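Just so it is clear, none of the values below were taken in a lab; they were calculated from the coordinates. No experiment lies behind these values; they were computed from the predicted model shown. Cβ: placed from backbone, ideal geometry, glycine included. Neighbour counts: every protein chain shown.
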């Protein structure tokens, strides 16, 4: 009887060790995911704010960006894992509204079918007839009238290999390239003010400086 009990106890112990060996890896993976996933999801949300800031800065400066990735990291990510996160400002094409796109297509068609010389002559005559307002207040405004893009990506060090997080970081292939949930777009601000001067304005400045 005792021999049977000892054999049964050994069998139970072996089953316990076997079950533990099978379950422990899954438990450790789930534990690591529970530690990392909140940081990954929080980072994606912060990237949305960073993308919005980049788009707004570009919209207020006719497509020029005066904010760097290091500055964005300081604004949008802090905490003990700050040094393990690196931001990258992605290059995404801007979008043109319907009228701006149509005006650009018309300019390209004129240059294509009439040639650069004849199109320059037409442009000069049109500027002369409009008092120099065609370029700075029509064509340049259309060129700068865009939906300026902003998207910030990031890389983040994680406990598990990056493949474990693919389902939680959107379209990005891994946590080495975490993308914002979407690209932000901002319309241009004060296109007329930020563009050039007309012929008349330049002529008045020249005359004013000469006779001053």
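Quick notes on this one:
- Complete set of residues in the stretch 114-160 that are out of contact with any helix residue (DSSP H, G or I) (no Cβ under 6 Å at 6 or more places or on another chain), over 30 Å from residue 55 (Cα atoms) and touching a residue at least 60 places away in the same chain (Cβ under 8 Å): 128
- Among the residues of the stretch 55-81, those identified as in contact with a strand residue (DSSP E or B) (Cβ under 7 Å, 6 or more places away or on another chain) and within 24 Å of residue 165 (Cβ to Cβ) are 69, 72, 73, 77.
- Of all residues making up the stretch 93-109, the number that are over 16 Å from residue 138 (Cα atoms) and free of Cβ contacts under 8 Å to residues at least 24 places away in the same chain: 1
- Some residue of the stretch 105-122 being surrounded by 16 or more Cβ atoms within 10 Å (Cβ to Cβ) and at positive phi: no
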